1. What helices (runs of 4 or more DSSP H) completely inside region 257-357 contain at least 1 residues that are within 18 Å of the chain's Cα centre (by Cα) and modelled with pLDDT under 85?
2. What is the one condition in (1) farther than 30 Å from LEU243 by Cα; (2) among the hydroxyl-bearing types (Ser, Thr, Tyr); (3) modelled with pLDDT under 90 that SER55 does not satisfy?
3. Name the pairs: first residue in region 51-78 and more than 19 Å from ILE279 (Cα to Cα), second residue of a type in the set (D, E, K, R) and crowded, with 17+ Cβ neighbours inside 10 Å, Cβ to Cβ under 8 Å, at least 6 apart or on different chains?
4. Restricting the search to region 115-130, which residues are assigned to a helix (DSSP H, G or I) and crowded, with 18+ Cβ neighbours inside 10 Å?
5. Taking into account only those residues within region 41-52 that are at pLDDT below 85 and not polar (S, T, N, Q), which is surrounded by the most Cβ atoms within 10 Å (Cβ to Cβ)?
Amino acid sequence: MKEKLKKRISGKLFFNFFVVALSVGMITYFCCAPNGGLIDILLIRRSQISLWWLSGAVFFQLFNMVIDAFVTKEFISQKYPHYSFIEAVKVVMIGTFFSHTTPGASGGQPMQIYYLSKRSVDVGFASSAFIQKFLVYQICGTLYGIFAIIVKYDVFRTLLNDGNFKFYILFLVVGFGLQFLTTACVLLVSFNTTLTHKIMNAIIRFIDRFRIFRRFHGKAETINEQLDIFHDSNVALYKNPLLVAKSYFCIIIQLGCILIIPYFVYRSLGLSSASPLDIICAQSFVNLSSSTVPLPGAAGAAELGFSAFFNQYFGGTLITAILLWRLITYYGTIAITAPFSYLSKDREKEIKNIERS
């Protein structure tokens, strides 16, 4: 047992080390690259960087998180009318930090739900709220992807015929397909009560039979009760058309904030030939293609996708653009949200206690 635990810890440590080394290596490269690196720009052409435009990129990244907090508050307030915006901000900060630091952004929502449970928010209701929020986000993201392909179909068709882009186009198509499939699965699980119970009971029997998790025996009834709360909450949420309309509107704006950030980076480097629509569509392609890589922050894939779809716009300043974009949307966001991770320290203690027992 101890040997297995050591192997598991060693694997986890190795993975974390790999991700950190990859991130540090890329930052170092983007800073020190001789032609177009950040140091090169700052020392030789620093007057070309507009802090005014760059501050706009920072503003939209922060505004994206503000909208996220507002939508979170709206969903939670359906059952808890006095739920405050400040608490919603904390939930968003926790979710953002763990989404950015876990493979495939898998740790964000579980930690948010855990935090809410400690604030006396029902787990089934919180799960329903976040899954419905995720569903709206997926649908809006898919719509942005379809919009980008339609508007930039000539560019997309050219890329399809370019042998150098076949690798990225493959990831783009797979990313779009996964997003569509995920949306369909979430819709099915959210509203088909019978099917969800059958799937969950099959999973419970499998786990219970092979003793995959300790202290799991006898939890089936509790899990099914939470599933009932989850489905009841889904029905209640969609009985409020104002909430549905408001959430779609806000998340479309939120995604727009995320997609427009590279435009402000673009303008901050003294470039102006591309339109905001060009940049939004290119960033939509980047998001879709990098979403298939299950590394924290899609490390490596995001940078490669950006270089592929934005090279025609940034030219010799591409390396600097990648670094500025990632500093604002990923590394800087981790730095801002990291202090809120202490709110999950009780969860870490519980995990350690379970492992010791």
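The values are calculated or read from the model by the stated rules, or taken from the named source; none is laboratory data. Quantities reported herein were computed from a predicted structural model and do not represent experimental measurements. For neighbour counting, all protein chains shown are included, and Cβ atoms are generated from backbone atoms with ideal geometry for every residue, glycine included.
1. 276-290, 301-314
2. (3)
3. Going by the 8 Å Cβ cut-off, the qualifying pairs are VAL71/LYS133; THR72/LYS133; LYS73/GLU87; PHE75/LYS133.
4. Selection gives TYR115, LEU116, GLY124, PHE125, ALA126, SER127, SER128, ALA129, PHE130.
5. ILE41
Let's see how each residue does on (1) under 21 Å from ALA69 (Cα atoms); (2) modelled with pLDDT under 75; (3) more than 23 Å from the chain's Cα centre (by Cα):
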site: PHE125; (1), (2), (3): yes, no, no
site: PHE130; (1), (2), (3): yes, no, no
site: PHE134; (1), (2), (3): yes, no, no
site: CYS140; (1), (2), (3): yes, no, no
site: VAL151; (1), (2), (3): no, no, yes
site: PHE156; (1), (2), (3): no, yes, yes
site: ASP162; (1), (2), (3): no, yes, yes
